[in-house]
Amino acid sequence: MEKIIIALDGHAGCGKSTTAKAVAKELDYIFIDTGAMYRAVTYYFLSNNVDFSDALEVENALKEISLKFVLNPTSGIGEIHINGENVEPFIRNMEITSRVSDVASIKAVRVFNVAEQQEMGKEKGIVMDGRDIGTVVFPNAELKIFMTADVTVRAKRRLVEMESKGVDTSLEDVEADIRNRDHLDSTRKESPLKKADDAVVVDTSGLTIDQQVESILKLAKNIISA
Ligand code: CDP
Ligand code: CDP
C-alpha cells in the first residue's frame, strides 16, 4: 500500500496532536509533533541564556543542538530529546509556552527545524502536526488539514489537560496565551500560520476526539486507496 504524508496545521489547542497521534497509530504511520521541536529549542535557549535578539548567538546555539524523537516503549509516543536529554517533562509549562512563539518567529530556528522535519518525512508514512507543514515543510503532502475551533472551547479543553498534569493556571491565562500565540503565529514574517489553498478545514468545536479522528482517517484512506 502506498504511503502518504498527512500535514495537520492549525490554531493552538484545537486537537491537532491528539488527532495526529491517533491517525498515525491507526495507519501505522510515524507521528511527529513539530511544536515539541520549537518548544525544545525554546527550552534550550532559556536554559542557556541565549539572547534571542542576537542573530549570531542564535546561530551559534543552534550549532550546539541535536534534536531527536525517542520512542517511549510504555506510551508508544516519541519524546523529544535535546543533546540526549529527554526534555519532554519541561517544555509544556507556561514559561516555555509564553516564549515559544517568539523563538518560532526566528528564521534560523525555522530553517533548522524544517530541515529536520523534511528528513523525517522523506520515506512518507508520516502524520506531522504544526503550523507550516502543508505550506512550507511538505507543500506536496497528499493530505492537508487545517484545524480550528472556538477559542473558549480550546481554552477549556487545554485547562482540563493542564490541571490533570498538575499545572497551576486559570481559564483566563490559558485563553489569553492561546489568543496571543494565534496572533503571533499568524502575523509573523517567516512561515506564518495560514491555510494552504488545498487544505481541508476541520472545525473541532463541536466534535468529539473520536469524530475528528474518524473524519481525517476517512479522508486519508480515500487517498491511500485511490
Ligand atoms: O500544542 P499547542 O497548539 O499549544 O502548541 P504547539 O503545537 O506545541 O506549538 C507551540 C508553538 O510552536 C506554536 O504556538 C508556534 O509558535 C510554534 N510552532 C511553529 O511555529 N511551527 C510549527 N510547525 C509548530 C509549532
Ligand atoms: O495539538 P493541539 O494544540 O492542536 O491540541 P491537542 O494538544 O491535541 O488538544 C488539546 C486538548 O483538547 C487535549 O487535552 C485534547 O484531549 C482535547 N480535546 C480535543 O482535542 N478534541 C476534542 N474534541 C475534545 C478535547
Selected residue (criterion: surrounded by the most Cβ atoms within 10 Å (Cβ to Cβ)) from residues of region 25-52 that are more than 16 Å from ligand 1 (Cβ to nearest atom) and closer than 23 Å to residue 85 by Cβ: 50
Do we find that residue 22 is under 24 Å from residue 202 (Cβ atoms), open to solvent by 10 Å² or more (accessible area, probe 1.4 Å) and part of a helix (DSSP H, G or I) in this structure? yes
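Yes/no per residue for (1) β-branched (Val, Ile, Thr); (2) under 18 Å from residue 13 (Cα atoms); (3) more than 12 Å from ligand 1 (Cβ to nearest atom):
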residue	(1), (2), (3)
74	yes, no, yes
96	yes, yes, no
104	no, yes, no
132	no, yes, no
146	no, yes, yes
Taking only region 61-75 into account, find how many residues are more than 16 Å from residue 48 (Cα to Cα) and more than 18 Å from the chain's Cα centre (by Cα). 4
Residues being touching a Leu at 6+ places or on another chain (Cβ under 8 Å) and of a type outside the set (S, T, N, Q): count how many of those fall in region 174-196. 3
Residue 210 vs. criteria in a helix (DSSP H, G or I), within 12 Å of ligand 2 (Cβ to nearest atom) and over 24 Å from residue 88 (Cα atoms): yes
Among residues of region 204-226 being open to solvent by 20 Å² or more (accessible area, probe 1.4 Å) and either under 17 Å from the mean Cα position of the chain (by Cα) or among the β-branched types (Val, Ile, Thr) (or both), the residue farthest from residue 146 (Cα to Cα) is 224
Failed criterion for residue 144 (all others in (1) more than 13 Å from ligand 2 (Cβ to nearest atom); (2) not in a strand (DSSP E or B); (3) not hydrophobic (A, V, I, L, M, F, W, C) hold): (2)
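The values are calculated or read from the model by the stated rules, or taken from the named source; none is laboratory data. Not measured: the values here are computed from a predicted model. Note that we place each Cβ from the backbone using ideal geometry, even for glycine, and neighbour counts take in every protein chain shown. All accessible areas refer to the heavy atoms of the entire protein, side chains included, with ligands and DNA or RNA removed. Shrake-Rupley method; radii C 1.70, N 1.55, O 1.52, S 1.80 Å.
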